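Novice: Provided herewith is a single structure, encoded as structure tokens, for subsequent inquiry.
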Amino acid sequence: MNFKSFEIIEWLDHCTYSESRWRTEEEVTDLEPIRVLTLGFVIGETKNAVKVVSTGAENGHLSGDFLILKKAIVRRKKIKTPWKDWSK
């Protein structure tokens, strides 16, 4: 597995798909972004986004994937990992 780094990323989420129900106009008008913390392995990065996964298996399969837009990132920090040799 080729992890670039292990990071905690704080970002603004602008979606509200947690509930499947009809909303009033006032509820929709009141929607605001929320701050989210994601902790995981960065597997790639472009000029517009960071690609993060939470789990990697020995067969190379990945799970718990996020594509976080850089414009939504409030801050990010690399975490020093004592197991960095495990990603080889």
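The values are calculated or read from the model by the stated rules, or taken from the named source; none is laboratory data. Everything numeric in this text was worked out from a predicted model, so none of it was measured. Please note: Cβ atoms are built from the backbone with ideal geometry, for glycine as well, and neighbour counts cover all protein chains shown.
Novice: Identify, please: which residue in the range 76-88 is at pLDDT below 90 and closer than 13 Å to LYS4 by Cβ and is, among those, surrounded by the fewest Cβ atoms within 10 Å (Cβ to Cβ)? I'd like the intermediate steps shown before the answer.
Specialist: Here is the first cut: in the range 76-88, the residues at pLDDT below 90 are 80-88.
Filter again for closer than 13 Å to LYS4 by Cβ, leaving 81, 84, 87.
Numbers: THR81: 13, LYS84: 11, SER87: 14.
Looking at residues that are at pLDDT below 90 and closer than 13 Å to LYS4 by Cβ, I get LYS84.
Novice: Restricting to the range 25-41, and then to whatever is surrounded by 11 or more Cβ atoms within 10 Å (Cβ to Cβ) and more than 25 Å from GLU7 (Cβ to Cβ), can you tell me which residue is nearest to the chain's Cα centre (by Cα)?
Specialist: LEU31
Novice: Restricting the search to the range 42-75, which residues are in a strand (DSSP E or B), surrounded by 11 or more Cβ atoms within 10 Å (Cβ to Cβ) and not β-branched (Val, Ile, Thr)? Steps first, answer last, please.
Specialist: Filtering the range 42-75 down to residues in a strand (DSSP E or B) leaves 42-45, 49-53, 55-56, 62-63, 66-69, 73-75.
Imposing the further condition that a residue be surrounded by 11 or more Cβ atoms within 10 Å (Cβ to Cβ) reduces the set to 42-45, 49-53, 55-56, 62, 66-69, 73-74.
If the condition is that a residue be in a strand (DSSP E or B), surrounded by 11 or more Cβ atoms within 10 Å (Cβ to Cβ) and not β-branched (Val, Ile, Thr), then GLY44, GLU45, ALA49, LYS51, GLY56, LEU62, PHE66, LEU67, LEU69 are the ones that fit.
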